[in-house]
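Here's the structure we're looking at; comments come further down.
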Amino acid sequence: MTSKRFEARAGRAVNRDSFIREWPDTGLVLFNSPHDPKPGIRLSAGRIVELDGKPEREFDILDRFIARRAINPAVAGEAMAMDPLVIARRLADFETPRGEVVRLVSGLSPARIMQVVDALNVVEMMMALQKMRARRTPSNQAHVTNRKENPALIAADAAEAVERGFAELETTVGVARYAPLSAMALLIGSQTGRGAALTQCAVEEALGLRLALLGLTTYAETLSVYGTEKAFRDGDDSPWSKAFLASAYASRGIKVRFTSGTGSEALMGHAEGKSMLYLETRCLMAIKGAGSQGVQNGSISCIALPESLPGGVRGVLAENLVAAMLDLEVASGNDAMASHSEIRKSAKLMLQFLPGTDFIFSGYSSMPREDNLFGGGNFDTEDLDDYNVLQRDMQVDGGVRPVREPEVLAVRRRAAEAVRAVFDELGLPPVSEAEIEAAVAARSSADMPDRDVIADLGAADRFLSEGRGGIDVIRALARRGYTDIARKILDVQKLRISGDFLQTSAVVLPGPRVLSAVNDPNDYRGPGTGYHLGAERKAEIDDIPQALDPQTIGVTGGEPFLVEAGEAKPGEDANEIVIAVGPAFGGALGATLLGLPHRAVLDALAAGIQCEGMQARLVRVCGTSDCGMIGFTGSSLSGSGIAIGIQSKGTTVIHRRGLEPLNNLELFPQAPNLTLESYRAIGRNAASYARGRPVSPVPLQIDNMARLKYIVRTTILHLRETEQVIAGKPPQELRYAG
């Protein structure tokens, strides 16, 4: 025998995910591998000569780099002597300033940092992350790519993403030679409309640096680091070479963020039996030692590997926290597809969304995930309404703003047309009118015309070989009348000279103005401190397009079709069935929750009654809006003793004289499930009860989602009904107007 419930659960989305038991010898463990070293630092003449149990003569390249560049020897003695639990408590303590924690962490070894973080549960980690992020104000980053690498669509998607509040945009390419054209389109779109986002093109590092030097991108985060020497050597790299490359970017005014992530060493087969969090801590300390202002971490493209293990999501949160403890800007993952399960994906997101990070996503898929060349997206454009509602529900700033369709269409059109103008001006393959129209309204690149790929690649090669770049784009835009976009691109180029957005956790906002850990430091010290939604931002988050004005719900605007004809008296005709309606029925309100006109509902009830040889009599109950009392009152007036009570929203009851108000013959509580045929059946049954015939109750449809769909409208319609109640007014006979 097998259980049908187990069988049903086996088909759930979460069971398509992979799950494994821990295997420490291969690095398939998040915390506390038996092969992790014991924490320790030994100093000699201010120099670290032993790190986590390894003497200096045995240091590998990472040990040496961390010991020389990432640990402050002046603090190490004090910090390493402290109980890790004491430091852990200071992390989550409201009263301990962020700066004091950063100072202590600067003197800790990788193994000790891991001990500190492992002492915290998930809620405590979230509390610590809220305090430890570098910038006071949370923000967000978006991916902008498409399979056809169409420049008009890239520009349109970029413009919409910035309109939605994303402060950084990242693209990549399926064919590396497309990079100059994709980077250019992203740059133009990023400065259209609201504008001001920083942009990057994720390609091979030498090409990425070249695009940046040409002014086509403004930041980079493709500098990957690893937690073991073997993993580094596989890429023919070292911490020193990465530091040199980061300096090359920064010296030319390009913001740099490194990339690391729990699980990468195990994926490459070079974990050396160490736990994922220990190796990630080494990565993050190498990044700190290299002088980078920040990191993209959160397991990134490896996410399914740590999530297959116990504590995987906790481990991802822990690595984000370690980065913040090291005073790095944190772009906290949430980009690659993490699970088949919508519940699991959302639960994972909450660990960064609720405390806030510098960039909650290191790439929210601003287009459908099938167009995401980074390998899908944990959330994509079709989840944006959900994301906006989460911000509104929790009053949390997730770095995104609600927008209306007309403004989005307008900014998408202008961005696509600006790309066409630049391509024409610079002699690049033309962007057709059909591409413009498609890009404005497209769901994905499947809606876009095909381009001449060979011509585009040849043009991209020439563009690079001729040394063209951002200044050429600015001039082309200005010559074609797009001076607003040209000026915004120029303003961002000027910021490269000042270096303002090279500061830790910098974002460029419209103006342009720069927010960073320098002028917007995180000062969280518990309730009433740190970042709070201001009135303007709160109003923006609250104003989702689908939010209706409650004062307009249920307003009919028509003339009442029922008029009162005097006080209703008890009937003497045994063939009558009273239809007792609520105070607003056919007057202040004109339709049920389902939208059925009240006139049609009465006709259906009367038709059902007549089918059984009985007659309907209309009465308005004025002194109550309660469905049970409406039916109870109607039955006391009915010559047959049977009445149908109906509220204006459609909830209905069949009542018999002599029953208590809350007792009845049949109750139909889910008004949205009642159709005109349902009301005819209710009329037939009421008449059958009056005739004493055997009655089969009207079948009830149960919709477990009805409350979700209709509770607001139910509340307002009932409010409008209750407003029409006149206490003490007796029931009234009704007739049709005219």
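The values are calculated or read from the model by the stated rules, or taken from the named source; none is laboratory data. Small disclaimer: the values here were computed from a predicted structure and weren't measured. Glycine gets a Cβ as well: all are built from the backbone with ideal geometry, and neighbour counts include every protein chain shown.
Within the stretch 421-441, can you find the residues that are over 32 Å from the mean Cα position of the chain (by Cα) and in contact (Cβ under 8 Å) with a residue 60 or more places away in the chain?
Answer for the stretch 421-441, where residues must be over 32 Å from the mean Cα position of the chain (by Cα) and in contact (Cβ under 8 Å) with a residue 60 or more places away in the chain: ALA421, VAL422, PHE423, LEU428, VAL431.
Scan the stretch 639-658 and give yes if some residue there is surrounded by fewer than 19 Cβ atoms within 10 Å (Cβ to Cβ), assigned to a loop (DSSP other than H, G, I, E, B), free of Cβ contacts under 8 Å to residues at least 12 places away in the same chain and in contact with a strand residue (DSSP E or B) (Cβ under 9 Å, 6 or more places away or on another chain), otherwise no.
No, the stretch 639-658 contains no residue that is surrounded by fewer than 19 Cβ atoms within 10 Å (Cβ to Cβ), assigned to a loop (DSSP other than H, G, I, E, B), free of Cβ contacts under 8 Å to residues at least 12 places away in the same chain and in contact with a strand residue (DSSP E or B) (Cβ under 9 Å, 6 or more places away or on another chain).
Scan the stretch 655-672 and tell me whether some residue there is within 18 Å of PHE585 (Cα to Cα) and over 47 Å from the mean Cα position of the chain (by Cα).
no
Looking at the structure I just gave you, is MET114 farther than 23 Å from VAL508 by Cβ, in contact (Cβ under 8 Å) with a residue 12 or more places away in the chain and surrounded by fewer than 24 Cβ atoms within 10 Å (Cβ to Cβ)?
Spelling it out, it is not the case that MET114 is farther than 23 Å from VAL508 by Cβ, in contact (Cβ under 8 Å) with a residue 12 or more places away in the chain and surrounded by fewer than 24 Cβ atoms within 10 Å (Cβ to Cβ).
Do the conditions hold for LEU717, that is, is it under 34 Å from the mean Cα position of the chain (by Cα), modelled with pLDDT under 95, among the hydrophobic types (A, V, I, L, M, F, W, C) and surrounded by 11 or more Cβ atoms within 10 Å (Cβ to Cβ)?
yes
Identify, by number, the condition in (1) surrounded by 19 or more Cβ atoms within 10 Å (Cβ to Cβ); (2) over 28 Å from ARG693 (Cα atoms); (3) not hydrophobic (A, V, I, L, M, F, W, C) that ARG620 doesn't meet.
(2)
Do you know which residues across the stretch 586-617 are assigned to a strand (DSSP E or B), in contact with a helix residue (DSSP H, G or I) (Cβ under 7 Å, 6 or more places away or on another chain) and closer than 30 Å to THR552 by Cβ?
Listed by number, the residues that qualify are LEU589, ALA591.
Conditions tested, residue by residue: (1) without any contact (Cβ under 8 Å) to a residue 60 or more places away in the chain; (2) farther than 26 Å from GLU677 by Cβ; (3) more than 44 Å from the chain's Cα centre (by Cα).
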| position | (1), (2), (3) |
| --- | --- |
| VAL555 | yes, yes, no |
| GLU559 | no, yes, yes |
| ALA574 | no, yes, yes |
| ILE577 | no, no, yes |
| ALA588 | no, yes, no |
| THR592 | no, no, no |
| VAL601 | no, no, no |
| ILE609 | no, no, yes |
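Within the stretch 235-261, how many residues turn out to be of a type in the set (Ser, Thr, Tyr) and in a loop (DSSP other than H, G, I, E, B)?
3
When SER638 is evaluated against the numbered criteria (1) in the same structural domain as ILE682 (by TED's automatic domain parsing); (2) closer than 30 Å to VAL389 by Cα, which criterion, by number, is the only one it fails?
Status for SER638: all satisfied but (2).
Go through the stretch 498-534 and report how many residues are free of Cβ contacts under 8 Å to residues at least 40 places away in the same chain and hydrophobic (A, V, I, L, M, F, W, C).
Number satisfying all stated conditions: 2.
Every residue, every condition in (1) out of contact with any Phe, Trp or Tyr (no Cβ under 7 Å at 6 or more places or on another chain); (2) surrounded by 13 or more Cβ atoms within 10 Å (Cβ to Cβ); (3) on the phi < 0 side of the Ramachandran plot, yes or no:
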residue: GLN395; (1), (2), (3): yes, no, no
residue: ARG404; (1), (2), (3): yes, no, yes
residue: GLU407; (1), (2), (3): yes, yes, yes
residue: ARG414; (1), (2), (3): yes, yes, yes
residue: ILE436; (1), (2), (3): yes, yes, yes
residue: VAL440; (1), (2), (3): yes, yes, yes
residue: ASP452; (1), (2), (3): yes, no, yes
residue: ARG468; (1), (2), (3): yes, yes, yes
residue: ILE474; (1), (2), (3): yes, yes, yes
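Report, by residue number, each residue of the stretch 222-234 that is in a helix (DSSP H, G or I) and small (Gly, Ala, Ser).
ALA231, the sole residue that qualifies.
So which residues in the stretch 156-185 are among the aliphatic types (A, V, I, L, M) and either at positive phi or over 22 Å from the mean Cα position of the chain (by Cα) (or both), if there are any at all?
VAL173, VAL175, ALA176, ALA179, LEU181, ALA183, MET184, ALA185
Looking at (1) surrounded by 24 or more Cβ atoms within 10 Å (Cβ to Cβ); (2) of a type in the set (A, V, I, L, M, F, W, C); (3) in contact with a strand residue (DSSP E or B) (Cβ under 8 Å, 6 or more places away or on another chain); (4) not assigned by TED's automatic domain parsing to the domain that holds ALA67, which one does MET184 not meet, given that it meets all the others?
Status for MET184: all satisfied but (3).
Tell me which residues, restricted to the stretch 555-573, are on the phi > 0 side of the Ramachandran plot and either touching a Cys at 6+ places or on another chain (Cβ under 7 Å) or not in a loop (DSSP other than H, G, I, E, B) (or both).
GLY566 - this is the single residue of the stretch 555-573 that is on the phi > 0 side of the Ramachandran plot and either touching a Cys at 6+ places or on another chain (Cβ under 7 Å) or not in a loop (DSSP other than H, G, I, E, B) (or both).
Going residue by residue through the stretch 177-195, is there one that turns out to be among the aromatic types (Phe, Trp, Tyr), more than 29 Å from ASP461 (Cβ to Cβ) and either in a helix (DSSP H, G or I) or modelled with pLDDT under 95 (or both)?
Among the residues of the stretch 177-195, not one is among the aromatic types (Phe, Trp, Tyr), more than 29 Å from ASP461 (Cβ to Cβ) and either in a helix (DSSP H, G or I) or modelled with pLDDT under 95 (or both), which makes the answer no.
Can you say whether PRO661 is modelled with pLDDT of 90 or more, touching a strand residue (DSSP E or B) at 6+ places or on another chain (Cβ under 7 Å), surrounded by 12 or more Cβ atoms within 10 Å (Cβ to Cβ) and part of a loop (DSSP other than H, G, I, E, B), as far as the supplied structure shows?
In short, no.
Among all residue pairs at least 6 apart or on different chains, which show Cβ distances below 6 Å where the first residue, located in the stretch 182-195, is within 11 Å of ASP484 (Cα to Cα) and the second is of a type outside the set (D, E, K, R) and in a loop (DSSP other than H, G, I, E, B)?
ARG194/PRO510
Just give me the residues in the stretch 513-552 being loosely packed, with under 15 Cβ neighbours inside 10 Å, over 19 Å from GLN395 (Cα atoms) and aliphatic (A, V, I, L, M), in sequence order.
VAL518, the sole residue that qualifies.
Considering only the stretch 93-102, I want to know if a residue exists there that is in the same structural domain as LEU284 (by TED's automatic domain parsing), buried (at least 17 other Cβ atoms within 10 Å of the Cβ) and of a type in the set (Gly, Ala, Ser).
no
Across the stretch 692-738, what is the number of residues that are in a helix (DSSP H, G or I) and closer than 22 Å to HIS598 by Cβ?
Qualifying residue count, the stretch 692-738: 16.
Conditions tested, residue by residue: (1) at negative phi; (2) modelled with pLDDT under 95; (3) of a type outside the set (D, E, K, R).
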residue: GLY27; (1), (2), (3): no, no, yes
residue: ASN32; (1), (2), (3): no, no, yes
residue: HIS35; (1), (2), (3): yes, no, yes
residue: LYS38; (1), (2), (3): yes, no, no
residue: LEU43; (1), (2), (3): yes, no, yes
residue: ASP52; (1), (2), (3): no, no, no
residue: PHE59; (1), (2), (3): yes, no, yes
residue: ARG69; (1), (2), (3): yes, no, no
residue: PRO73; (1), (2), (3): yes, no, yes
